[in-house]
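Written out below as structure tokens is the structure these notes cover.
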Amino acid sequence: MKGTQGYFLVAGLGLIALVNAIVLLGVAWNRQEPAESRLQLSERELLSHYGYARKENSGIGLRLDYRWPSAEDDEGFYPSISLEKMLELGFQQPAGPDDDSLRRYSRQQQREALLVLELDGPAYQREVQLARDRYAEAQRLQRLDPGNQALADEARQAASSLDSRQQRISRLMVVDLGLDRQTLRARYPDRQRYAIVRGHVRPFAHRQWLPWRGEGDDPRPDEQRWQWQLGGSGESAGLGRIHLPQRWHKLFVSLPRGGVKGDLHGKSYDKQFIVALAFGRRLEPWIVDLQERTR
Amino acid sequence: MTLSRSDAQQRADDIGVFNRELARLEAEQVLSLSDDQRARLHGHQQQLLASYRTAFDIDHDNQARQLSLGMRVASFFGALALAASLFFLFYQFWGLFGEVSQVAILLAASLGSCALALWLSRRDGSGYFSKLAALLALTCFVLNIVMLGQIFNITPSDKALLPWAAYALLLAYACHARLLLAAGILCLLAFIAARVGSWGGLYWLDFGERPENFFPAALLVFAVPLLIAQRRYEGFAVIYRVFALLALLLTVLVLSHWGEASYLNYSPALIEGGYQLLGFALSAALIWLGVRRGWSDVVNTGLSFLVIFLYTKLFDWWWALLPKYLFFLLLGLIAVLILLVLRRLRSRHGLFAGVGQ
């Protein structure tokens, strides 16, 4: 029996050592230079939960925040990923426009995919321009009927939305998806602007009512009043908490809070910083540098 | 043959039963031992019991047995509390250390707790402290891998389940700890189910959304005690079988009410009906198998699920249709019918007849 215990001890210690070695070698391989991509991000893209649950957890983590492009009209539900892209990712097309086929489409399971994130590029500029156009339209309508409270509220909301997009929310946009990293990198070669990250994608099917814009009662039969929105939605994997190494904790804690918040007048409680975030060969991120943001 | 703690306890219990029956036979004047025979018998028994107490810390009477149960409960809750404490302790202070120190602390905690658990298992005849230490060792290893993932932002993966399962099984066999065996089997079931899902191109964390992923895992776990004898490890074969059957029958139960989750490309109503039939057939087959092989755990699991399948179906059919008193009366009558069938089975086959492990 004692001999058996000796084998168990060797096997247990060996297993622990082996698993730790595999994990650490994987980390070293991921972080070998050159990095797959390297982005300069601010508190707009990296949300800190510093202070929350700090009493029980002395570690500091930052969450990578990215956004999906908005639709032109921004009304109702719409899929983040088009049906064509979903088919490219390996999802099966619905056999027909009937409810049963569409139900089968939407119950396909999530699949792994690669997401391309663009930092402060054309996709972000388009978002700002859309908000600017909506604000201009809201202002025009308000001028036509200055006493209308609803139009005044809409104009204020549009102004707040524009300000938020220009000043506060993330400039990191999902611009493409795929299964092959090399193909995506060839399409987006700038490693300072485009990061490829791991994610997963789920089909999306939503039945949406089409508003009647004609005169009088809606004469359309039922099947023409509803339209199926088909596509997908996705999210990244493992970017919900990026570890901030202890050597930057002191600087991070001392960072000033402030800046203009999205609601035009409120002061922000976000700490202001610039982070260099690298993504390695396994597309896993790590923080390379942290500095105070002075402007 | 090497004597285990359970063998020693069984022998001690048999001695107690033998002495009580001997006293009865003497009182009824059926049997009478001479003083010399009595002295030799008593001396032999005391020598055996003393050696068992020294080697295995066995329960020598009913009072000791009740205290042992209390110690087992205290050991279980103590182990859970210490594991939780260890988890929170690390979270409380890990931010104060650099990455190298963090890795060194995690590795040292894993290696140290493993050595401690195995050292204690040699010295602790009762097993209470070594099992507690073994659960702590597993917690340290799980924490080790989880924290490495957080420190280095490693993408979450189902692959972590495999070393956890291997380590839990290793500690379970080293310390004869059934709780760790159950933990190891659960990790193994989750790993195989996630792998089966991934081979079909699915995101691994979604393995629960297609319950059929658990079928291969359940069959594999059920086969383990058939392929590898567990005679030296009391209760291990039962744990394997019960967890495998839970994975199998719970999956069937879920699918019998959630046809949408199936891989099968038929209408949900048809899938649910099919799985309801399969649930009845499987439960009945398991009762038959359990009776045939003398596995009381398989009979009880099969019987429990047969009743669950039956009652859920009766609920679907009659709950809205019948007055409540009639509904519950029918349930009661069905329970009586099951009792009658089982009594008939027992009298015909002498259910289990003392076989099986």
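Could you please find all residues in the stretch B:53-65 being surrounded by 16 or more Cβ atoms within 10 Å (Cβ to Cβ) and touching a residue at least 24 places away in the same chain (Cβ under 8 Å)?
Start the filter on the stretch B:53-65 by keeping residues that are surrounded by 16 or more Cβ atoms within 10 Å (Cβ to Cβ), which leaves B:53, B:56-60.
Listed by number, the residues that qualify are B:Phe56, B:Asp57, B:Ile58, B:Asp59, B:His60.
Given the conditions (1) surrounded by fewer than 15 Cβ atoms within 10 Å (Cβ to Cβ); (2) more than 30 Å from A:Leu15 (Cα to Cα), and given that B:Ser68 satisfies all but one, which numbered condition is not satisfied?
(1)
Pick from A:Tyr124, A:Tyr105: which is assigned to a helix (DSSP H, G or I), within 14 Å of another protein chain (Cβ to nearest Cβ) and not small (Gly, Ala, Ser)? Reasoning before the result, please.
Details: A:Tyr124 fails: within 14 Å of another protein chain (Cβ to nearest Cβ).
Within the list A:Tyr124, A:Tyr105, the selection yields A:Tyr105.
For B:Lys159, which of the numbered conditions (1) in contact with a Ser or Thr (Cβ under 9 Å, 6 or more places away or on another chain); (2) surrounded by fewer than 17 Cβ atoms within 10 Å (Cβ to Cβ) fails to hold?
If we test B:Lys159 against (1) in contact with a Ser or Thr (Cβ under 9 Å, 6 or more places away or on another chain); (2) surrounded by fewer than 17 Cβ atoms within 10 Å (Cβ to Cβ), just (1) comes out false.
Tell me which residues, restricted to the stretch B:189-236, are among the polar types (S, T, N, Q), assigned to a helix (DSSP H, G or I) and away from chain A (no Cβ under 11 Å).
Going residue by residue through the stretch B:189-236, those that are among the polar types (S, T, N, Q) are B:198, B:213, B:230.
With assigned to a helix (DSSP H, G or I) added as a condition, the list becomes B:198, B:213.
Scanning the stretch B:189-236 gives no hits.
Would you confirm whether any residue within the stretch B:231-238 is within 30 Å of B:Ser6 (Cα to Cα), in contact (Cβ under 8 Å) with a residue 60 or more places away in the chain and touching an Asp or Glu at 6+ places or on another chain (Cβ under 6 Å)?
Yes, that holds for at least one residue.
Among (1) farther than 30 Å from A:Arg140 by Cβ; (2) within 20 Å of the chain's Cα centre (by Cα); (3) part of a loop (DSSP other than H, G, I, E, B), where does A:Ser170 come up short?
(1)
Mind telling me which of the residues A:Arg111, A:Arg107 ends up being of a type in the set (Lys, Arg) and more than 22 Å from the chain's Cα centre (by Cα)?
On the way: A:Arg111 fails: more than 22 Å from the chain's Cα centre (by Cα).
Going through A:Arg111, A:Arg107 in turn, just one is of a type in the set (Lys, Arg) and more than 22 Å from the chain's Cα centre (by Cα): A:Arg107.
What are the pairs with Cβ atoms under 9 angstrom where one residue, in the stretch A:119-135, is on the phi > 0 side of the Ramachandran plot and in the same structural domain as A:Ala71 (by TED's automatic domain parsing) and the other, located anywhere, is crowded, with 18+ Cβ neighbours inside 10 Å and of a type in the set (Phe, Trp, Tyr)? Sequence gap at least six, or different chains.
Cβ pairs passing all conditions: none.
Which members of the stretch A:123-166 meet the condition of being within 16 Å of the chain's Cα centre (by Cα) and not aliphatic (A, V, I, L, M)? First the steps, then the outcome.
Start the filter on the stretch A:123-166 by keeping residues that are within 16 Å of the chain's Cα centre (by Cα), which leaves A:123-124, A:127, A:165.
Scanning the stretch A:123-166 gives A:Tyr124, A:Glu127, A:Arg165.
Any residue that is more than 8 Å from chain B (Cβ to nearest Cβ), modelled with pLDDT of 90 or more and more than 24 Å from A:Ala276 (Cβ to Cβ) - is there at least one of those in the stretch A:25-42?
Checked the stretch A:25-42: at least one residue is more than 8 Å from chain B (Cβ to nearest Cβ), modelled with pLDDT of 90 or more and more than 24 Å from A:Ala276 (Cβ to Cβ).
Please return the ranges of helices (runs of 4 or more DSSP H) entirely within the stretch B:75-179 where 3 or more residues are in contact (Cβ under 8 Å) with a residue 40 or more places away in the chain, facing chain A (nearest Cβ under 10 Å) and over 29 Å from A:Ser58 (Cβ atoms).
B:161-175
Please go through (1) under 28 Å from A:Glu43 (Cα atoms); (2) among the aliphatic types (A, V, I, L, M); (3) assigned by TED's automatic domain parsing to the domain that holds A:Phe279; (4) surrounded by fewer than 19 Cβ atoms within 10 Å (Cβ to Cβ) for A:Ala113 and return the number of the only condition it doesn't satisfy.
(4)
The values are calculated or read from the model by the stated rules, or taken from the named source; none is laboratory data. Everything quoted here is computed from the prediction, not taken from an experiment. Because the Cβ atoms are built from the backbone with ideal geometry, glycine has one as well, and the counts that use them run over all protein chains shown.
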